[in-house]
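The values are calculated or read from the model by the stated rules, or taken from the named source; none is laboratory data. In this text the structure is predicted, and so the values were computed from the model without any measurement. Ideal geometry is used to build each Cβ from the backbone, glycine not excepted, and the neighbour counts take in all protein chains shown. All accessible areas refer to the heavy atoms of the entire protein, side chains included, with ligands and DNA or RNA removed. Shrake-Rupley method; radii C 1.70, N 1.55, O 1.52, S 1.80 Å.
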Amino acid sequence: MTVDTRVRRASWVSVLQRQGAAVALALMVVVAWISFPRFGSPDNLRDIALQSAFLAVIALGMTFVIITGGIDLSVGSVYALGGVLAAYGSQWGFLAALLLPLVVCGLIGLLNGLLVAKTGMAPFIVTLATLLLARGLLLAITSEGSTTYRIADGSAFLELGRGTILGFGYPVFLAAALCVAGGILLRRTAFGQSVFAVGGAEQSALLMGLPVARTKVLVYVMSGVLSGFAGAMTAAYLQSGVTVIGVGLELDAIAAVVIGGTLLTGGMGTVLGTVIGVGLRNVIQNVINQIGTLDSNYQSVVSGAFLLVVVVLQRSLSRTADRR
Amino acid sequence: MVLEVVDVTKEFVGVRALDRVSFKLEPGEVHALVGENGAGKSTLIKVLTGVHRPTSGTLLHRGEPVVFTRPVDAQRAGISTIYQEVNLVPLMSVAGNLFLGREPRRRGLVDWKRMNADAAGVLAGYGIHSDVRRPLGTLGVGAQQMVALARAVATEADVVIMDEPTSSLEPREVETLFSVVERLHERGIAIVYVSHRMDELYRICDRVTVLRDGKHVHTGPLADLSRLELVSMMLGRSVGDIREHGATAFGVDHHAGREPVLEAKGLTSGTRLSDVSVSIRPGEVVGLAGLLGSGRSETARAIVGALPLDSGTVLVGGAALGPGVPNAMRAGVNMLAEDRKAEGIIPNLSVRENIVLAALPQLSRFGVVSRDRQDRIVDTFVKRLRIKVSSPEQKVSELSGGNQQKVLLARWLCTQPKVLLLDEPTRGIDVGAKAEVQALIDELAQEGLAVLLISSELEELLDGADRLVVLKDGAVVGELVGDQLTQDNVLAAIASGDAAAGESRAGESRAGESRAGESTAAESTAAESKAGRSGEGES
Amino acid sequence: RENQSATGGSAGPAASAAATQSSGPGCAREQIGYPKVDVKDAIIGFSQSEKEANPFRIAETQSIRDEAARLGVPADKLLVTNAQSDLNKQISDIKSLLDRGAQLLVVAPLNSDGLQPALDAAKAKKVPVITVDRKVNSKPCADYLTFIGSDFVDQGKRAAEAMVKATGGTGKVAILLGSSGNNVTTDRTKGFKDNIPAGLQVVAEQTGEFDRSKGQAVMEQLIQSNPDITAVYAENDEMGIGAVTALRAAGKTPGKDVKIVSVDGTRNAVQLVADGAYNAVIESNPRFGPLAFQTLQEFADGKAIPETVIISDDQYDEANAAAKLGNAY
Amino acid sequence: MTALALDRRRLARWLQDYGVYAAVVALLLFNIAFTANFMTVGNFRTQLIQAAPVCIVALGMALVIGTEGVDLSVGAVMALSAALIPLYLGYGPLPAVAIAIVAGLIAGMFNGVLVAYLGIQPIVATLALLVGGRGLALVIAEGRLTQLHDPTFLWLGTGDVLGIPVSVVMAGVFAVLVALLMGRTTFGRQLVAIGGNRAASALAGLPVKRTLLSVYAICAVLAAVAGVLSTARLSASDPADIGLLMELSAITAVVVGGTPLTGGRVRVLGTVMGALLMQLVRATLIKHNLPDSTAQMAQAAIIVGAVYLARERSNR
Ligand SMILES: Nc1ncnc2c1ncn2[C@@H]1O[C@H](COP(=O)(O)OP(=O)(O)OP(=O)(O)O)[C@@H](O)[C@H]1O
Ligand SMILES: Nc1ncnc2c1ncn2[C@@H]1O[C@H](COP(=O)(O)OP(=O)(O)OP(=O)(O)O)[C@@H](O)[C@H]1O
Ligand SMILES: [Mg+2]
Ligand SMILES: [Mg+2]
């Protein structure tokens, strides 16, 4: 056997291995398409794409964080905070509405990053604390949640969330662009390589002279900025800075990332997998809606069951791939 | 002086690992650093490379005082290091590891195609012919060590430090390593070389520094010292006290029983093992010989149930073993794994707990462990294997490499097994303790234990084993008994049927060369040309 | 205050589903050019905001279903979704209801802000939307047809009045707030605080997140640090009941030593009022079904619909609790 | 300079070991000085009663974290056990409690099988139950809160043993049992070994899968017990809200108590202290009547502060 064929087979195997979630998604879509006539309607597909866009942006940042072996629980709160800040900033025009959330959320990410990288505290607990911090900030600037900032009709900022191309909302294209950029950053740059190295073997990365601390700080900043941006897009879409969104969103993002084949212990993962994971989550939710007659309490039972089936399926696919 | 430390002391909580040690490295020399396990060699190296900050003392680089706060600082100053435990990223591809931090780029983006080609080319020069895209962790320790070597040498450096680089290498790879050392030497690069293998030291080193218990004992030309003198300096005993024996402490043949206690038949697992059969009789030491990646570790893992099998059975005392390690252990079959960092020690547990780990069920009643019996066992083995610990409650991760290895040996010996599979048991162990371990293996065999011995040191295999099974590419290619046990016979067995493989390997390295050539032509950024040069240099 | 049924004679809990219609220019179908859709023959969508895991939501959804059944709407023409407390999901839900052919929409908004995209989608399809129990901050008649629900500020005000009656206008009050960031919390707090006399002093305001066990836990803390509390205003019944448990455990007699007033009108709380362990409950009426369908029918018939339809909320106190227990949900 | 460095290192080590205790003491002192009516028996009783369920759940969580896992489903398991109680209370309190605990056991085994035998990452494996479990509980309870009246059962929530509330006694007993389990038994030692280096433990012949399965089972059983106690205290079965966000409270208590999330170490007493610390923090914020925004930010700062003091320092 020559090296070339060996190489080709190995990469084919690893592609299959990584795409356990893709297979699950494909299956899910086919079944949904056949069982529910409205699943395939353009409106429905557009809605799935749009809903996925917000989560995808957050999960993109989360992917980087998780590959470094960390976790970011603050994304849900930061997302909500970003939305409120965008709505608040929109009174001074487009740029303020965009920059205010990005800067503030980036700073929260920076705080996460510095605490994780410089003090050696567990990311789980650091970001749990900033989850509270961001919620607290949000409540503080909305006078305990009683003020809601609305984006004035006709504000240019609204377009960010509500404009469409071919019926697909701008957020879909923005999310897609960010994910492509994120994929390139992860796979094709030195920074991406050090992200993998830090997560795979931090001590080794340090001994190899990689900028471990800087890498960690950067991924948390990225996660903060991206969550803030998702919040800003959401605010533009909802036309106001809603205070009650984003609760528990971190778990959705983490689930999407992990289902996409990223290892929670770090060192392995792909952006494509995450996108697929996000798609899966929203398709599942959509299918549950399509079933329609389900009692609301059964709905969560069914989504739990779906989640289980998907992980088990993905896991057993990647196991068989491993065996080759 | 390229690098110098003056009066360096390094204290860990409760341990003074270095005590006012001074060390000078001249440009272009190959400087041996020797000492018993736990003498402080690795610690000195870590002080030199900014991993540890000394408690007191100064560090001079080209005569200038420097403070390395992080490993990067040392690397920027031109010090490149291969640490004792492989420090690479197991989940990342081989090529990714090799080029981590200096990836070849095209239009600002990492050029994977070229990186893989370059990596394959570079590694072929080190005798590693595996797919560079597979995760590094799937390679054996020996192969990983070669990758670490290739990586360390590829960076522009004027000092290269190697901490026990040959501890899991085969004679053939050791030769490769020596030729690398030779080349570095010619380029005027200074080398610090740590090893417990005396032959190697005498072959390549100019000068030697001896450490004992964290203190500096001697520095001088190696040629001025006889082996015996060197060993006595390391151990701190007079020359007369040291028994003179051969290369190893193994005695003569054992009296093996008639019926094999363990029979492995037709072990086959993916592409790694094909139809390997081994049997061991009580009281017999069977050696497994073969080159790096020949499947010796895999054979041991398959026997103990740690490698899923496609086909094949393992019989112990005539009864087939169920799958999984616990079954094997219940039948009295134990394996000492080769990779002590990944598969051996439990880093955050104490030495005591690491030793008794496998024997816990035997040491407890109704699931409640008896502290007394633990302490007795631990005490016995710490003394017998001369494990250097401040207390049995010390974290095992704080021990020196050799002492960790001894802890693992103790773990398996205290379970009182019937069959012991030893994968590189003396890896990283100092001369004194090595003889001790070898004598112990002899003694255990004499008492009726069946031993499977895997070692990268051929002498150890030839002297220690009663019978030798030679593996190649995951298949048995020969079996040697009694008088047949000679180096030449082993090499001949390995060489037989080598033709096909040789051809394809030659093809690969040519491909590697031409790609590296291309890249030099296509210079566009400094980083690129640097990567290109390094690729060229090694292939 | 009127407590008479606007929908006529149906007895039982639905009896208190009366409306006091507030003024406003009115919104007529011709005026905005929506098609005439008769309620009985239409596909009707109902978007619920949270799981039916508390009495209010259970009663609310049930009231919509019951009324639809009463009017003879076939089961497969009433589409019901549940947003599981996720705002984005509620938007998707509403869009998917439209997608599935809903011609009339009743929405229980999760939040007053943020449903704009869903309302826009309905508007584009000329589907009238009635929001129940929570008003949305959009333009009535243009973005949605009308709001049917309670006036939360008024509920707070009535709670304050009941509190004055119970305490005689003096004492130290602790407020158990609802979830932070929720506009129901904001309104019920404002209505209460703006209407208590100076003699009633608010000594603590802590969130119990509309949850019984959190209400209980917070109350336990407050009794320890402020043993002189004489009254508790809980922004929903569950927290109020939690406070009762906490007070009892601390050896106090709720309803006597410490007066308790809360908002909702669940059976458990009204029972406590009847038992004398509670002082008053301001109802927040969840039975929107009859009014909602009636309003939709009136809209179809071309009548002008006011921008706000306030449902009448009952009130339970020592005097009437035992008698009205059957009305509680 | 050397002496100074050593002193600092010793202080750091001391803080790492006793940081939580110091934080608890500091907070107590603060409250004694600045909080009205703090030094009363009733107040301490309240704090202990409120901390007990978190503490019990955190003990199980500490074991799971020791194996380098995490169990997000504890809150849902509490809800399940709460939902089952009214169904069987008719047969007497004992059968009802037994059924609730068996349900916990089954849930835990379910998690354990996913993690140990199917090799699914703990966070997602238990997420499935977090999402589905509460739904199931609500389905069982038909979405309703049920008022409970059985006096024997309610005794669990309000009664005393030797003047100490039942739930506090239970928490104490469990803490001792878990401490013994970790310190004295083969199981405990194997658990930390598996958390410390799973590959090595497998090669050392430890029953890795069985141990993991048991750990998740224990964790869920403890969660079910906490569910029973909380239900008794509330005198109502409230599957919609009971144990909501309990997973985060429990993990926080464990981590603040000095158990690293990277596994391989379990600090039992630290966990108990962690639960107490978080309880005191909450109590302090409520007693000083801080608005929610400030309270949340203050809580964030205190968590970071406590964990910062107790963090593992690299030994360079
Ligand atoms: N991180 C640490 N914490 C505490 N003690 C340590 C630590 N690292 C090393 N030591 C101690 O320092 C001493 C020297 O260890 P070192 O690793 O330098 O030995 P070595 O000469 O390299 O031995 P070997 O030949 O076995 O590799 C040993 O006693 C060891 O226990
Ligand atoms: N030089 C090499 N070229 C290609 N592949 C290798 C090489 N060395 C090791 N490998 C791969 O690494 C894997 C592990 O083999 P391993 O090195 O453990 O075998 P081994 O015979 O036990 O050798 P050793 O004990 O010397 O490491 C094998 O699947 C093998 O294919
Ligand atoms: Mg060493
Ligand atoms: Mg090997």
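What the table shows:
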item: Amide H contacts of C:E209 (H built 1.01 Å from N, under 5 Å, at least 5 apart or other chain); result: C:S179
item: Cross-link partners of B:K10 among lysines (Cα-Cα below 23 Å; sequence separation of 8 or more within a chain); result: B:K24, B:K41, B:K46, B:K215, B:K388, B:K395
item: Heavy-atom accessible surface of the protein assembly as shown: percent carbon and sulfur, 1.4 Å; result: 58 percent
item: Table column - 3J(HN,Hα) (Hz), the range B:210-221, Karplus curve with 6.51, -1.76, 1.60, x for Gly and Pro; result: 10, 10, 9, 6, x, 10, 6, 10, 7, 9, x, x
item: Table column - 3J(HN,Hα) (Hz), the range A:60-68, Karplus curve with 6.51, -1.76, 1.60, x for Gly and Pro; result: 4, x, 4, 4, 4, 4, 5, 5, 7
item: Low-density loop cleavage sites - trypsin sites (Lys or Arg not before Pro) in the range B:110-188, where at most 11 other Cβ are within 10 Å (DSSP); result: B:R187
item: Two-decimal log10 I(q)/I(0) for chain B, as the Debye equation yields it once each C-alpha is a single scatterer, q = 0.09, 0.10 Å⁻¹; result: -0.69, -0.86
item: Amide H partners (placed H, <5 Å) of C:K125, local residues excluded; result: none
item: Heavy-atom accessible area, 1.4 Å probe, ligands and nucleic acids excluded: residues of the range B:84-100 down by at least 30 Å² from chain alone; result: B:N87, B:V89, B:L91, B:M92, B:L100
item: Accessible area of D:Y18 in the full protein assembly, 1.4 Å probe (Å², nearest 10); result: 110 Å²
item: Accessible surface buried upon B-A contact (total; probe 1.4 Å; Å², nearest 100); result: 2400 Å²
item: Candidate aspartates and glutamates for bridging to C:K252, where Cα separation is under 12 Å - those fewer than 8 sequence places away on the same chain excluded; result: C:E220, C:D228
item: Shielding by partners, peptide D:300-308 (average Cβ within 10 angstrom, other chains); result: 6
item: For the range C:275-289, 3J(HN,Hα) per residue [Karplus equation, 6.51 cos²θ - 1.76 cosθ + 1.60, θ = phi - 60°, Hz, x = Gly/Pro]; result: 7, x, 8, 8, 9, 7, 10, 8, 6, 10, 7, x, 8, 8, x
item: Å² of accessible area per residue within the protein assembly as shown, as computed with a 1.4 Å probe and no ligands counted; result: 36 Å²
item: A:D153 accessible area, assembled protein chains, probe 1.4 Å, Å²; result: 100 Å²
item: Between A and D, accessible area buried - total, square angstrom, nearest 100, 1.4 angstrom probe; result: 3300 Å²
item: Hull-based mean projected area of the protein assembly as shown, where the convex hull spans the alpha carbons, in square nanometres; result: 56.9 nm²
item: Kirkwood Rh in Å, taken over chain C so that all alpha-carbon pairs contribute; result: 20.3 Å
item: Rg(Cα) / (2.2 N^0.38 Å) computed for the range B:347-416, rounded to two decimals; result: 1.01
item: Helical contribution to [θ] at 222 nm, DSSP H n ≥ 4, -39,500 (n - 2.57), averaged over the protein assembly as shown, rounded to 500; result: -17000 deg cm²/dmol
item: Chain-alone versus full-assembly comparison, the range C:174-191, residues with accessible loss of at least 30 Å² (1.4 Å probe); result: C:S180, C:G181, C:T186
item: Surface accessible to a 1.4 Å probe, B:S42 within the full protein complex, Å²; result: 30 Å²
item: Chain D: DSSP helices with Cα axial extent of at least 20 Å and average Kyte-Doolittle hydropathy no lower than 0.0; result: D:2-34, D:41-66, D:74-88, D:93-112, D:122-140, D:166-184, D:208-234, D:268-287, D:292-309
item: Under 24 Å from the Cα of C:K126 - lysines, other chains or at least 8 residues apart; result: C:K36, C:K40, C:K77, C:K89, C:K95, C:K135, C:K139, C:K303
item: Angstrom value of the Kirkwood radius, inverse mean 1/r, which spans all Cα pairs in the range D:87-133; result: 11.8 Å
item: Kirkwood hydrodynamic radius of chain A, Cα pairs, Å; result: 20.4 Å
item: Chains C and D, summed buried accessible surface - 1.4 Å probe, Å², nearest 100; result: 2200 Å²
item: Listed residues B:V304, D:V304, D:V173 arranged by accessible area, highest first, probe 1.4 Å; result: D:V173, D:V304, B:V304
item: Isolated Cys residues of the protein assembly as shown, judged by Cβ distance under 4.7 Å to other cysteines; result: A:C105, A:C179, B:C205, B:C414, D:C55, D:C219
item: Reduction of at least 10 Å² in accessible surface, 1.4 Å probe, comparing all protein chains with the chain by itself, residues of the range A:243-270; result: A:T243, A:V244, A:I245, A:L251, A:I254, A:A255, A:V258, A:L263, A:L264, A:T265, A:G267, A:M268
item: For B:G287, residues with placed amide H under 5 Å, excluding near neighbours; result: B:L453, B:D466, B:R467, B:L468, B:V469
item: Compactness of the range B:251-391, expressed as Rg and Dmax over alpha-carbon positions, Å; result: 17.4, 47
item: Gyration tensor (alpha-carbon) shape descriptor, the range B:268-326, a/c threshold 1.5; result: oblate
item: Volume per residue that the Cα convex hull of the range D:52-244 spans, once the total is divided by residue count, Å³; result: 100 Å³
item: Stokes-Einstein D (µm²/s) once Rh is taken as the Kirkwood radius of the range C:56-171 over alpha-carbon pairs, at 4 °C in 1.567 mPa s; result: 82 µm²/s
item: Antiparallel DSSP beta bridges within the protein assembly as shown, as percent of all bridges there, nearest 5; result: 45 percent
